[in-house]
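The values are calculated or read from the model by the stated rules, or taken from the named source; none is laboratory data. All figures in this text were calculated on a predicted structure; none of them were measured in a lab. We place every Cβ from the backbone using ideal geometry, glycine too, and count neighbours over all the protein chains shown.
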Amino acid sequence: MNAVSRLARVTRLPLAERAIQARPPEPPKADPVVRLRGFSRSFGSNRIIDALDLEIAPGEFVALLGRSGSGKTTLLRTLAGLDDANGQHALIPQSRAVVFQDARLLPWKPVWRNVALGLKGGDERASAEAALREVGLGHRLDAWPLTLSGGEAQRTALARALVRQPQLLLLDEPFAALDALTRMKMHGLVLALWAAHRPAVLMVTHDVDEAIALADRVLVLDGGRIIAEERIQAPRGERTAAVRPLRTRLLAHLGVEAPQGSYADAVAHVGATL
Ligand SMILES: Nc1ncnc2c1ncn2[C@@H]1O[C@H](COP(=O)(O)OP(=O)(O)OP(=O)(O)O)[C@@H](O)[C@H]1O
Ligand SMILES: [Mg+2]
């Protein structure tokens, strides 16, 4: 007797009805693309990451908050393979890409060559052009990096990451240097690119609102460990109702008492404490 007919006997509902009511089996959990277990990193006697556990599922968008100096970049550099894991076990996908706060473009190469940097085989220009079109820069292929605005430079950096079709996209405060309007547009762009390509994303940010707007899960790093984890179930674009209590909790984890009132009030209140 299979599970559905066993359930049918127990509950005395018609079989078809019960088959609909029966919960579908949980899909098997995909293996994580990132797994750190008990991961530590010290500089001299200064322990920055302390026996940290972290898993990121394929296609998951994770935001990482933490005070300045809490080790966010150190963790991100480990996941980027830019820092020696000192023989510790760290599961990190081969295909990964990083975008930093500054675009880090080579000024002596035109935009498309910056995007194609390190690509091998095939039509590099065509690949770079496709990625640049996706970020709305199809018309700036031959421009020099120094002629780009800050937002355009970051979009170029995103295209350079995208062209590698990474399984893991690492973002270290990629929008921190941009004005509010450009930043909002970049949020929309990142979400569109993420939806189209579905890499797993780890985005470091100081901005609680940015984290809530973009992520499936928000982590807070403190004292070398993940001290808080919040999953956001509400669909993007429908998060307003969830925002205030969630922001209050996340700010509390960052050591900030959230005042009543608007985001603008909160900014004035927080001042330079983050
Ligand atoms: N190569 C290094 N050598 C020595 N100390 C380092 C090195 N890299 C980072 N640190 C120290 O590790 C700590 C964490 O630095 P990290 O850059 O990871 O912080 P962060 O959370 O990214 O900070 P911020 O939000 O200001 O960017 C800091 O105290 C920093 O001085
Ligand atoms: Mg940093």
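Yes/no matrix, rows are residues, columns are (1) touching a strand residue (DSSP E or B) at 6+ places or on another chain (Cβ under 9 Å); (2) more than 30 Å from Arg244 (Cβ to Cβ); (3) in a helix (DSSP H, G or I); (4) within 16 Å of ligand 1 (Cβ to nearest atom):
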{"site": "Gly122", "(1), (2), (3), (4)": "no, yes, no, no"}
{"site": "Ser127", "(1), (2), (3), (4)": "no, yes, yes, no"}
{"site": "Gln154", "(1), (2), (3), (4)": "yes, no, yes, no"}
{"site": "Pro166", "(1), (2), (3), (4)": "yes, yes, no, no"}
{"site": "Arg183", "(1), (2), (3), (4)": "no, no, yes, no"}
Within region 199-209, can one find any residue that is within 16 Å of ligand 2 (Cβ to nearest atom) and touching a Ser or Thr at 6+ places or on another chain (Cβ under 9 Å)?
yes
Exactly one of Leu91, Leu137, Leu132 is away from ligand 2 (no atom under 16 Å from the Cβ), within 23 Å of the chain's Cα centre (by Cα) and in the same structural domain as Ala80 (by TED's automatic domain parsing), and that one is Leu91
Options Ala228, Ala176, Ala159, Ala192; residue that is assigned to a helix (DSSP H, G or I) and assigned by TED's automatic domain parsing to the domain that holds Leu65:
Ala192
Residue within region 199-206 that is of a type in the set (S, T, N, Q) and without any contact (Cβ under 8 Å) to a residue 40 or more places away in the chain present
no
Output for Cβ contacts, cut-off 6 Å, separation at least six or different chains, first residue over 15 Å from Ala196 (Cβ atoms) in region 131-142, second among the hydrophobic types (A, V, I, L, M, F, W, C) and assigned to a loop (DSSP other than H, G, I, E, B), reads none
